[in-house]
Amino acid sequence: MAGLTTRFAPSPTGPLHLGHAYSALTAWDLARTGGGQFLLRIEDIDQPRCRAEHEQAIYDDLRWLGLTWPEPVLRQSDRMESYAAALERLAAMGVSYACTCTRADIRAALSAPQEGAAVIGPDGPVYPGTCREAGHLAEGAAIRLNMKAALARLDAPLRFAETGPLFTGEHVVSADHLITNVGDIVLARRDIGTSYHLSVVLDDAAQGVTLVTRGADLFEATAIHVLLQRLLGLPQPEWHHHRLIRDEEGRRLAKRDDARAIARFRADGVSPAEIRAHIGL
Ligand code: GLU
Ligand code: ZN
C-alpha cells in the first residue's frame, strides 16, 4: 500500500466530536503506516448549514490532535464548475433526468395503494420514478440518476475492494441491488446544484485519493460511488470503512452532541493521547 493517499472530509456544520477524531486519526494512521499522504477536504456544498467558525474549529481541533496536511485545503464550494461539468456529461450520456418532486410528492407517490412498503436506501425512501420519463427542464429542478439507464451502459459487474476490518474483501454490487435498494438517487439537489455522492466521487479523483477512509455508516453509499466512478471514467480507490464511536447508551454521536466535542475535551485539559486511548486507538 506504499504511496497511498487517504483523506478526512468533514462538513463544517458543527463542532467535531469523538467520532470525527476517530475518523481523522484512523485516516492519519493509515497514511503513516502505509508511507502515504493524509489530505483534508472541507465538504461545504450545503452552504446554508456551513459556518466559517466551524471550519476554523476543524483546523484547530485537527492540529491539536497532531495532524498536518498539505495546503491549500480543497473546499467543495470552490468546485461547483467541476460538478456542473460532470452533470452535463451524465445528461449527455442519457443517464440522468430532471425531477420536480417535492418530499411530499414522493411521500404521496410511495403511499399509493399499488406501491408496496417503501424500500429505504442510502438516501432515504427509494424514489418511485415519477419524473423519469417526464422530460422536465433541468432549470430549477433536482437531477436524478436514471439507475436502469446507467446500469445498461456498464460492460462488466461493479466491484470494489474494502480494506477495513468490518467488511474486508472484494465486494460485487449487483444490478438488482442498485435498482431495488438504491434507485434513482439525487445527483444534484435543486438548492445546491450538486450532491454528496457526485461531489465526493469527483473530489476523491481530483485529489488522487487511493484509499477512502470513512465511517461504516457510509458503506451503503459506496455502491453509488463505484457506479459513478465507472460512468465518469474515474480511477477507483479502495475503501476503509471504520466502526462508529457511540455514546454510553450505544447511540451514534451527532454534531449536536456538544458534550463529546473535541473542543470541550481540549478545554477540560484532556490530552490528545488521552483522546486516542479513550476511543481505542
Ligand atoms: N462529509 C462526510 C461526512 O462528514 C464524509 C464524506 C466521506 O468521507 O465520504 O460525513
Ligand atoms: Zn420527480
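Are any residues in the range 259-280 under 16 Å from LEU25 (Cα atoms) and among the β-branched types (Val, Ile, Thr), and if so, which ones?
Within the range 259-280, ILE262, ILE275, ILE279 meet the criteria.
Of the residues that make up the range 203-215, is at least one surrounded by fewer than 16 Cβ atoms within 10 Å (Cβ to Cβ), closer than 21 Å to GLU43 by Cα and within 16 Å of ligand 2 (Cβ to nearest atom)?
no
Every residue in the range 139-188 that is under 29 Å from ALA117 (Cβ atoms) and small (Gly, Ala, Ser), please.
Once the filter is applied, which keeps residues that are under 29 Å from ALA117 (Cβ atoms) and small (Gly, Ala, Ser), the range 139-188 yields ALA141, ALA142, ALA149, ALA150, ALA152, SER174, ALA175, GLY183, ALA188.
Just checking, which of THR213, THR168 is more than 16 Å from ligand 1 (Cβ to nearest atom), at pLDDT 95 or above and among the polar types (S, T, N, Q)?
Step by step, each of THR213, THR168 is checked, and only THR168 is more than 16 Å from ligand 1 (Cβ to nearest atom), at pLDDT 95 or above and among the polar types (S, T, N, Q).
Being among the charged types (D, E, K, R) and within 12 Å of ligand 2 (Cβ to nearest atom) is the filter here; which residues of the range 108-158 pass it?
ARG132, GLU133, ARG144
Take the residues in the range 90-118 that are under 23 Å from the mean Cα position of the chain (by Cα) and either loosely packed, with under 14 Cβ neighbours inside 10 Å or of a type in the set (Asp, Glu) (or both), then tell me which one is farthest from ligand 1 (Cβ to nearest atom).
Selected residue: THR102.
Are there any pairs, at least 6 apart or on different chains, whose C-beta atoms fall under 9 Å, with the first in the range 80-109 and without any contact (Cβ under 8 Å) to a residue 40 or more places away in the chain and over 16 Å from GLY140 (Cα atoms) and the second away from ligand 2 (no atom under 12 Å from the Cβ) and among the charged types (D, E, K, R), and if so, which?
Pairs that qualify, where the first residue is without any contact (Cβ under 8 Å) to a residue 40 or more places away in the chain and over 16 Å from GLY140 (Cα atoms) and the partner is away from ligand 2 (no atom under 12 Å from the Cβ) and among the charged types (D, E, K, R), are ALA109/GLU115.
Do we have ARG49 as of a type in the set (Lys, Arg) and in contact (Cβ under 8 Å) with a residue 12 or more places away in the chain here?
Spelling it out, ARG49 is indeed of a type in the set (Lys, Arg) and in contact (Cβ under 8 Å) with a residue 12 or more places away in the chain.
Only one of these is more than 19 Å from the chain's Cα centre (by Cα), on the phi < 0 side of the Ramachandran plot and not in a helix (DSSP H, G or I): LEU39, LEU67. Name it.
Result: LEU67 is the single residue among LEU39, LEU67 that is more than 19 Å from the chain's Cα centre (by Cα), on the phi < 0 side of the Ramachandran plot and not in a helix (DSSP H, G or I).
Checking the structure you have, find out if any residue of the range 232-241 is more than 16 Å from ligand 2 (Cβ to nearest atom), over 28 Å from VAL126 (Cα atoms) and surrounded by fewer than 16 Cβ atoms within 10 Å (Cβ to Cβ).
Checking the range 232-241: not a single residue is more than 16 Å from ligand 2 (Cβ to nearest atom), over 28 Å from VAL126 (Cα atoms) and surrounded by fewer than 16 Cβ atoms within 10 Å (Cβ to Cβ).
Is it true that some residue in the range 3-22 is more than 16 Å from ligand 2 (Cβ to nearest atom), among the β-branched types (Val, Ile, Thr), surrounded by 21 or more Cβ atoms within 10 Å (Cβ to Cβ) and within 18 Å of LEU234 (Cβ to Cβ)?
Looking for residues that are more than 16 Å from ligand 2 (Cβ to nearest atom), among the β-branched types (Val, Ile, Thr), surrounded by 21 or more Cβ atoms within 10 Å (Cβ to Cβ) and within 18 Å of LEU234 (Cβ to Cβ), one finds at least one in the range 3-22, hence yes.
Which residue pairs have Cβ atoms closer than 8 Å, lie 6 or more positions apart in sequence or on different chains, and pair a first residue in the range 5-18 that is within 14 Å of ALA205 (Cα to Cα) with a second residue that is among the charged types (D, E, K, R) and part of a loop (DSSP other than H, G, I, E, B)?
Between residues of the range 5-18 that are within 14 Å of ALA205 (Cα to Cα) and residues that are among the charged types (D, E, K, R) and part of a loop (DSSP other than H, G, I, E, B), the close pairs are ALA9/GLU43.
Kindly indicate the residue of the range 134-178 that is aliphatic (A, V, I, L, M), surrounded by 12 or more Cβ atoms within 10 Å (Cβ to Cβ) and out of contact with any strand residue (DSSP E or B) (no Cβ under 7 Å at 6 or more places or on another chain) and also nearest to LEU218 (Cα to Cα) among those meeting that condition.
So, considering only residues that are aliphatic (A, V, I, L, M), surrounded by 12 or more Cβ atoms within 10 Å (Cβ to Cβ) and out of contact with any strand residue (DSSP E or B) (no Cβ under 7 Å at 6 or more places or on another chain), the one nearest to LEU218 (Cα to Cα) is LEU178.
Being closer than 22 Å to ILE275 by Cα and surrounded by 13 or more Cβ atoms within 10 Å (Cβ to Cβ) is the filter here, so list the residues in the range 42-65 that pass it.
HIS54, GLU55, ALA57, ILE58, TYR59, ASP60, ASP61, LEU62, TRP64, LEU65
Counting residues that are more than 30 Å from ALA138 (Cα to Cα), which strands (runs of 3 or more DSSP E) fully inside the range 164-281 reach at least 3?
Fully inside the range 164-281 and qualifying: 169-173, 211-215, 238-242.
Is there a residue being without any contact (Cβ under 8 Å) to a residue 24 or more places away in the chain, closer than 23 Å to LEU218 by Cα and not in a helix (DSSP H, G or I) anywhere in the range 111-119?
Within the range 111-119, one or more residues are without any contact (Cβ under 8 Å) to a residue 24 or more places away in the chain, closer than 23 Å to LEU218 by Cα and not in a helix (DSSP H, G or I).
Looking at GLU220, GLU274, which is the one that is under 30 Å from LEU158 (Cα atoms) and among the charged types (D, E, K, R)?
The unique qualifying residue is GLU220.
The values are calculated or read from the model by the stated rules, or taken from the named source; none is laboratory data. A quick note: this is a predicted structure, and the numbers were derived from the prediction, not measured. Cβ atoms come from the backbone with ideal geometry, glycine included; neighbour counts cover every protein chain shown.
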